[in-house]
1. Return the residue satisfying two criteria in turn: it lies in segment 19-69 and is farther than 24 Å from GLN84 by Cβ and of a type in the set (Ser, Thr, Tyr), and of such residues it is nearest to the chain's Cα centre (by Cα).
2. Which condition breaks for LEU201 when tested against (1) more than 30 Å from ALA22 (Cα to Cα); (2) surrounded by 23 or more Cβ atoms within 10 Å (Cβ to Cβ); (3) not basic (Lys, Arg)?
3. (1) in a helix (DSSP H, G or I); (2) touching a residue at least 60 places away in the same chain (Cβ under 8 Å); (3) out of contact with any helix residue (DSSP H, G or I) (no Cβ under 9 Å at 6 or more places or on another chain): which one isn't true of GLU187, the others all being true?
4. For segment 111-130, how many residues are open to solvent by less than 40 Å² (accessible area, probe 1.4 Å), modelled with pLDDT of 95 or more and either of a type in the set (Ser, Thr, Tyr) or farther than 14 Å from GLY91 by Cβ (or both)?
5. Can you pull out the residues in segment 131-148 that are part of a helix (DSSP H, G or I), of a type outside the set (A, V, I, L, M, F, W, C), within 22 Å of the chain's Cα centre (by Cα) and surrounded by 15 or more Cβ atoms within 10 Å (Cβ to Cβ)?
6. Could you check segment 29-84 and list, in sequence order, the residues that are outside any loop (DSSP other than H, G, I, E, B), buried (at least 16 other Cβ atoms within 10 Å of the Cβ) and out of contact with any strand residue (DSSP E or B) (no Cβ under 9 Å at 6 or more places or on another chain)?
Amino acid sequence: MHTTAIIQLEKIEKSYFMGNHAIPVLKGISMEIQRNEYVALMGPSGSGKSTLMNILGCLDSPTGGKYILNSQDVSQMSDDELAQVRNNEIGFVFQQFNLLPRLSAAENVALPLVYAGVSKKERMERALEALRKVGLADRSHHKSNELSGGQIQRVAIARALVNNPSILLADEPTGNLDSKTSVEVMELFANIHAAGNTVVLVTHEEDIAAYAHRVVRLRDGLVESDTTRPSKAVPAESL
């Protein structure tokens, strides 16, 4: 496999066990994702896309195969080692936002830096810079109940970016948003990608996947298709 790939999967398998009975979910997935690619993972319910996302995000380990993330073999790491990789290498954006309601936008964005041992002064400086990137510098002191759904998701995206991760993983990031706000958030992702970030998106919506440059479709734990295409046009300004 090529060393320019930030993600290298070699025959990744994942089974869950009920007693002595193994239930295979991923059945030998091999793929590469290059730096600064924008990839959408698609597939019907039960296809394995969420399980694959969890493995890509080091939230779960494969039961077979090899996963190289940014030149590190993470497939055999301990839970503590995986936690360190998650904090250093991966930014997560979830459908449910997962903000802490008692904290301000800036404090929510700074949370990953607390776990990284960054000083309070630097945490807030980096949090404010991340909020500026998503157009919310003027909302840094607001709590989530003072923000719209789209603004809350922007805070969540800023939190994912604050550690300068190698990859940004987004799991159904527009699932709780209306159509207009979804377009705004996807245009933000496009600008993040244009600024040099690697983005991997899980979605079941074709119009959301259209923003990506590459679409990988899963079915029954295998790659059904892997296509590259022009992405949906977005505004020219970047971060």
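1. Checked segment 19-69; the qualifying residue nearest to the chain's Cα centre (by Cα) is TYR38.
2. That leaves (1) as the condition not met.
3. Of (1) in a helix (DSSP H, G or I); (2) touching a residue at least 60 places away in the same chain (Cβ under 8 Å); (3) out of contact with any helix residue (DSSP H, G or I) (no Cβ under 9 Å at 6 or more places or on another chain), only one is false for GLU187: (2).
4. 0
5. Listed by number, the residues that qualify are LYS133, SER144.
6. Within segment 29-84, LEU82 is the sole residue that qualifies.
The values are calculated or read from the model by the stated rules, or taken from the named source; none is laboratory data. Because the structure is a prediction, the values reported are computed rather than measured. Every residue, glycine among them, receives a Cβ derived from its backbone with ideal geometry; neighbour counts consider all protein chains shown. The protein model used for the area step is the full one, side chains on, heavy atoms only, and it has no ligands, DNA or RNA in it. Shrake-Rupley method; radii C 1.70, N 1.55, O 1.52, S 1.80 Å.
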